[in-house]
Amino acid sequence: MIQTVFDILSIRKDFPILNRKVNGYPLVYLDNAATSQTPQKVIDTIVDYYSNYNANIHRGVHTLSQEATDVYEQARQKIQKHFNAAKSQEIIFTSGTTHGINLVANGFTTLLEKGDEIIVSALEHHSNIVPWQMLCERTGAVLKVIPMNLEGKLVMEEYHKLLSNRTKLVFCNHVSNALGTINPIEKIITAAHNVGAAVLIDGAQAAPHIKADVQKLDVDFYVVSAHKMCGPTGVGMLYGKEEWLNKLPPYQGGGEMIAEVSFEKTTYADLPHKFEAGTPNICGGIAFGAALDYMNAIGFDAIAQYEHELLQYATQELLAIDGLRIYGDTKEKTAVISFNIEGLHPYDIGSILDKLGVAVRTGHHCAQPIMDFYKIPGTVRASFSFYNTKEEVDILVSSVRRAKTMLS
Amino acid sequence: MSIKEIQEEIVDEFSMFEDWMQRYEYMIELGKSLPMIKEQYKTDDNIIKGCQSKVWVHAELEGDRLVFTADSDAIITKGIIAILIRAFSNQKPKDIIDADTSFIDEIGLKEHLSPTRANGLVSMIKQLKLYAVAYQTQLN
């Protein structure tokens, strides 16, 4: 059934957590869209950092500091290469996607005027809605929403109607966290640029599955979190075109981000340090680089192909369950299945699945507008990674059947 | 029966089960027997916050006793609230306020007690006790 493009058993051995049991059952981890698991190589990198060269970076003259600085900056270059940014100073280390979005939203406070318009998509995570609402409150700009359809896709005709010379910013996720829909960001970016608007793409859900090329996309800002792609929590990346990053004011003041300070005047450091106030998550940044190395060694094409086969198999097997409905059934989607069973509450299904060792997410997935659109309280979301197997899909399906029998 | 006696009875019932499946199946059964709240009380004001599923609770005094009715859109949550109501309904507000809730541990539902747990068992207990405090004040 599944044409294994790589040795899945050897890949699973890279992830120590996959050996554990939950409630007496082998763990079946299908909450990858919330956070991915960590391979041994990344864990080793973290241990190595704290065991051998933990030091503050960019200012020490001593050996440890220089070693840590070198490895941290190498990680920035790995990230630059991975996303094909033109320059390493266009890569800003953040604490994660939410931080990156807030940094940009805050920066635009000084660039927007009353009556300017910001467009967001109906498929957004709360983290890509609330910062823009706050920005609108600060500036008097108006928030417009690209609507979605029942398939879980954005209605592009409506998007084109919303665009005008008042549009200053467009924000959209590359992949919807709740449904897995891959949005047509190339078209969204081109159309926004045609009216002179900047575009921020939230790549948090895309990054584990799709290698984005920021130059080819011609995107102005692209944000991701390391923990969705085999890295640790608390670290992420903001890519910004140099011209935009130069236009935006610093987000936080502090050490590291300054050139010179006196009580009369402070001049800010050059990119990327202007946006990296304080001691960063040094170990996290380095481990982020190691995670990219790990995933690139497997290869994103192989990952995408394998996950797509898992998705197709899981979709087919789940749909065979009476009364099961999948939300977001477009062809262009990542390995995410958001579903409900008629008459049952997602919370109940998720509770039984947990008892059977199957980890899924239940609820509104921080995307209440999508749930409101479908008029449901939430869904059960199974999200797959390249280390999941066909056998785990079978366990998911039999567990859902068991939950259905118990709950009906 | 006193709250303590009812709790002991519930603990006894649950001790007969061999595994989580039987416990959950029993909870689901209990959920179906939950004293149903009247539709008019299923308002947003009566929703207990902190639950992933919706839980509505209504309380009213009958004589010197506080009577609870409730509902939820999730069946396991209904089971949990049914257990709580069985222990606390038809009791004097003062006794509800003073009641110990450690029996939840003993029936193997400890995992639901964590304050971060999405079903909000802690919020439910807090809400029942808040009603008791409010009606106790009224009785005084």
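Overview of values
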item: Shielding by partners - mean other protein chain Cβ count within 10 Å, residues of A:336-349; result: 3
item: Relative contact order [Cα under 8 Å, 6+ residues apart], chain A, whole percent; result: 23
item: A:T110-A:Q74 FRET efficiency (beta carbon distance; Förster radius 30 Å; 0.05 resolution); result: 0.35
item: Straight-distance crosslink candidates among lysines, where the alpha carbon sits under 24 Å from A:K114 and sequence neighbours closer than 8 are dropped; result: A:K144, A:K161, A:K168, A:K247
item: Ranked packing of B:65-73, A:225-233, A:54-62, A:366-374, most packed first, by mean Cβ within 10 Å; result: A:225-233, B:65-73, A:366-374, A:54-62
item: Shape category assigned to segment A:355-408 from the gyration tensor of Cα positions, a/c cut at 1.5; result: oblate
item: Whole-number D in µm²/s for chain A (Stokes-Einstein; Kirkwood sum over Cα pairs; 37 °C, 0.692 mPa s); result: 147
item: Rounded, prolate or oblate (a/c below 1.5 giving rounded, otherwise prolate when a/b exceeds b/c) for segment B:1-77 by Cα gyration tensor; result: oblate
item: Rel. contact order, % - alpha carbon contacts under 8 angstrom, at least six apart, segment A:182-318; result: 19
item: Number of partner chain Cβ atoms within 10 Å, mean per residue of B:69-78; result: 4
item: Qualifying lysines (Cα of each under 23 Å from Cα of A:K41; at least 8 residues distant if same chain); result: A:K13, A:K21, A:K78, A:K81, A:K211, A:K228
item: Burial ordering of A:C283, A:C136, A:C172, fewest other beta-carbon atoms within 10 Å first; result: A:C136, A:C283, A:C172
item: Eligible aspartates and glutamates near A:K216 by straight Cα distance, threshold 20 Å, same-chain separation 8 or greater; result: A:E90, A:E186, A:D202, A:E242, A:E243, A:D301, A:E332
item: Along each principal axis, Cα extent of segment A:211-347, largest first, Å; result: 71, 37, 30
item: Whole-Å distance, taken between Cα centres, linking segment A:321-339 and segment A:64-100; result: 35
item: Segment B:32-106 and segment A:220-269: distance between their alpha carbon centers, rounded to Å; result: 50
item: Compactness relative to 2.2 N^0.38 Å, alpha carbon Rg of segment A:1-134; result: 1.47
item: Average other protein chain Cβ within 10 Å of Cβ, residues B:15-21; result: 2
item: Value at 222 nm in deg cm²/dmol, rounded to 500, when DSSP H runs of n ≥ 4 in chain A each add -39,500 (n - 2.57); result: -11500 deg cm²/dmol
item: Members of B:K54/B:K78; A:K355/A:K404; A:K375/B:K38; A:K187/A:K375; A:K375/B:K42; A:K375/B:K54 lying beyond 20 Å, as alpha-carbon distances in this model show; result: A:K375/B:K38; A:K187/A:K375
item: Bridge type composition, segment A:43-296 - antiparallel percent by DSSP, nearest 5; result: 45
item: Surface/4 of the Cα convex hull for chain B, nm²; result: 8.0
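Each reported figure results from applying straightforward, stated rules to the coordinates on display, with no laboratory input. Just so it is clear, the structure is predicted and the values come from calculations on it, not from any experiment. Here the Cβ is made from the backbone with ideal geometry for all residues, glycine too, and neighbour counts use every protein chain on show.
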